[in-house]
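Rule-based calculations on the coordinates, nothing more; no lab input. Note that the structure is predicted; figures quoted are calculated from it, not measured. FYI the Cβ positions are ideal-geometry reconstructions off the backbone, even for glycines, and counts take in every protein chain you see.
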């Protein structure tokens, strides 16, 4: 199997994630899409590590995972707090900055 | 030079008193006028004490100084706030405080019905303090402080009844006209500093050789401009007539003791400059000559008794300025005329105030007539002042004015002839218009048109007038006896430095003067004897019309200065509004509209922000791709 296919898969996953962020209203789903984009990036990193036969891509993938974990913690906490106060998980409802 | 500790009190006393009267407010209403008068009288006492102390000293050590504090000390420029009392300033100190005190006493009665009498006395004291500072300062910068103080005090007093818009305008006019002169003085100080690095009288006098004749001429001309402003000389004389808006004691104070004498003082004090600057000196002569005729001509047509007297002041100050232009000997005669004029003009102004007091503040002489028999004392004192001003021997004006005419003729050549004839003509016109004032006011038919007879003024007003008229009888003889004033002033102005040859013997000049005075009186008597109408005649010659309009001085000022100034201001305002404000407003408008458009991007929806980020990222990638490919 050609190694480029991994890159195509990564691109497709990233696009799905990006579209999901833009079109979905539920913040949990948006959040999942962000995770999808991060993992697509990770896939690209490890693929490039394989292509170039070094470990740098692998190392960056670990960093991405750490960042993703932190992001999940903070992001979910925010979503839960907003839901508690506004009884809604829709990202469109959280538009207070406009006013 | 000796020092004295008393000089500060001369200025500090009236200044403190003025501050107290102004700050104490209504509480001082009951005793304010008494305090003001006592303070003024005590400055006069100090002046007299200093005068006798000065007489007791030898001639070369008569001047005394007092250093108050170091005022400015910047590099090589050092100015001390110091006072100087010499033979010249003591003349002014005695005149200012003496006549000033009499005017204070008079004002107690004259202003007794005015609710603001306390404020009036506060301003009077301020005036005295400022004028004393002016004549006591030992440098041009110290003099300048007093000079401005006099301007302020005159503004406050001329506009004392500022509830009437016309009076407030008159005060403003006086202030503005004075500002023009003040610019001259400040320029003179600057040139003097640039030339000598020093602005004190003594320092400049010592280093007078350092200056080029151009610099001295410039200083002289600027000083002359300053003198024109304060002393109401042509072409800055237009404020003087309007200044009659102030209460009558103020007019007496401005015209006799203070203010208008400041210009004469300035030129006399600056004698060392003018002696070395013939061009400036010639200008002094021309200004003096023009003004003395200008004022006299205006005086012939005024029906307002105070304005007629004001025009006569202008004319008499013209005599003094002319005398100061005649070189060393002229200064002494200018000061002599100034002192005698101080007496007779103050007495006549206070007399006019007394007439107004008895005539319900009527100032139009056409509505007077025959007042002499109702107010005998006022008429008598006014008559003495009248005889003094027209120069009938042995009254004061005869001695002082005759000397000026004589010195003018002795100048020699065409210049001497022109000046002599101008002064003679001035004397004739003076005799004419003063006779006219006296006839219209005190003689003839009664024209006041109401039943109430005029009444004589209270003693508090008559006593100061009486004392002043004693001065207007005796001062001329006392000052000129054995040339006492000339010798007294010798160390300051060096009047005997050069010996003038006498072209005409004094007796001839005196006879000529008397002849023209008699002519002037006869014309006036012929013209105004018998019954007069209570209205000014309408059908008059163009000359009379011109004189009634102050020889078009106001019209000239308005056409050449005021109107163009106003239109300039108006145009500048338009430029400011349309161009500068327009630019600023355009910048603001662009920012606001741009902001409004950009604001729609901030819709608060997270998803649209995310879309923008995606688009941005795509655009970035596309750009990099396009560049690298």
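Hey, quick one: spin label on residue B:1, modelled 7 Å out along Cα-Cβ, who in the range B:194-208 has an amide N within reach, i.e. under 12 Å?
Output list for this probe position: B:200-206.
Note the full-extension length gain between residue B:538 and residue B:504 as 0.36 nm times their separation in residues minus their Cα-Cα distance, in nm to one decimal.
This chain segment gains 7.8 nm when fully extended.
Quick one: P(r) of the range A:3-86 from all Cα-Cα pairs, 10 Å bins, percents rounded to integers, in order of increasing distance.
P(r) for the range A:3-86, in whole percents per bin: 19, 40, 29, 11, 3, 0.
Given a Förster distance of 51 angstrom, what is the FRET efficiency for residue A:19 paired with residue B:587, based on the Cβ-Cβ distance and rounded to 0.05? It would help to have the intermediate numbers written out before the result.
On the way: r = 43 Å, r/R0 = 0.84.
So the FRET efficiency works out to roughly 0.75.
Could you give the length gained on full extension between residue B:282 and residue B:19, defined as 0.36 nm per residue of separation minus the Cα-Cα distance, in nm? Could the numbers behind the result be given before it?
Numbers: separation 263, 0.36 × 263 = 94.68 nm, distance 4.28 nm.
Additional length available on full extension: 90.4 nm.
What ranking do B:442, B:51, B:121 get, fewest neighbouring Cβ atoms within 10 angstrom at the top? It would help to have the intermediate numbers written out before the result.
Values: B:442 24, B:51 16, B:121 27.
Ascending Cβ contact count within 10 Å gives the list B:51, B:442, B:121.
So what's the angle, to the nearest 10 degrees on a 0 to 90 scale, between helix A:4-23 and the longest Cα principal axis of chain A?
10
As a footprinting exposure proxy, order B:31, B:448, B:147 by other Cβ within 10 Å, with the fewest listed first. Numbers along the way, then the final one.
On the way: B:31 13, B:448 19, B:147 27.
Taking fewest neighbouring Cβ atoms as first place, the list is B:31, B:448, B:147.
Find how much the distance from residue B:518 to residue B:456 grows on full extension, using 0.36 nm per residue of separation minus their present alpha carbon separation; answer in nm with one decimal.
Details: separation 62, 0.36 × 62 = 22.32 nm, distance 3.06 nm.
Length gained, residue B:518 through residue B:456: 19.3 nm.
Rounded, prolate or oblate: which fits the range B:399-546 when a ≥ b ≥ c are the square roots of the eigenvalues of the alpha-carbon gyration tensor, with rounded for a/c under 1.5 and prolate only if a/b beats b/c?
Details: a/c = 3.14, a/b = 1.54, b/c = 2.04.
Verdict is oblate for the range B:399-546.
Which part of the range B:531-567 falls in the paramagnetic zone of residue B:579, meaning amide N under 17 Å from the point 7 Å along Cα-to-beta-carbon?
B:567
Mind sorting B:131, B:359 by how few other Cβ atoms lie within 10 Å of their own Cβ, fewest first?
In order of increasing Cβ crowding within 10 Å: B:359, B:131.
Over all residues in A:14-21, what is the mean tally of Cβ atoms on other chains that come within 10 Å of each residue's Cβ?
Values: counts 0, 1, 0, 0, 6, 2, 1, 6.
Mean partner shielding for this stretch: 2.
Can you pull the one-decimal nm distance between simple spin-label points at residue A:56 and residue B:414, each 7 Å off the Cα toward Cβ?
In this crude label model, residue A:56 to residue B:414 measures out at 10.5 nm.
Let's test the formula: R0 of 45 Å, r as the Cβ-Cβ distance of residue B:484 and residue B:113. What FRET efficiency results, to the nearest 0.05? Let's see the in-between values first.
Details: r = 43 Å, r/R0 = 0.95.
That pair, residue B:484 with residue B:113, gives E of 0.55.
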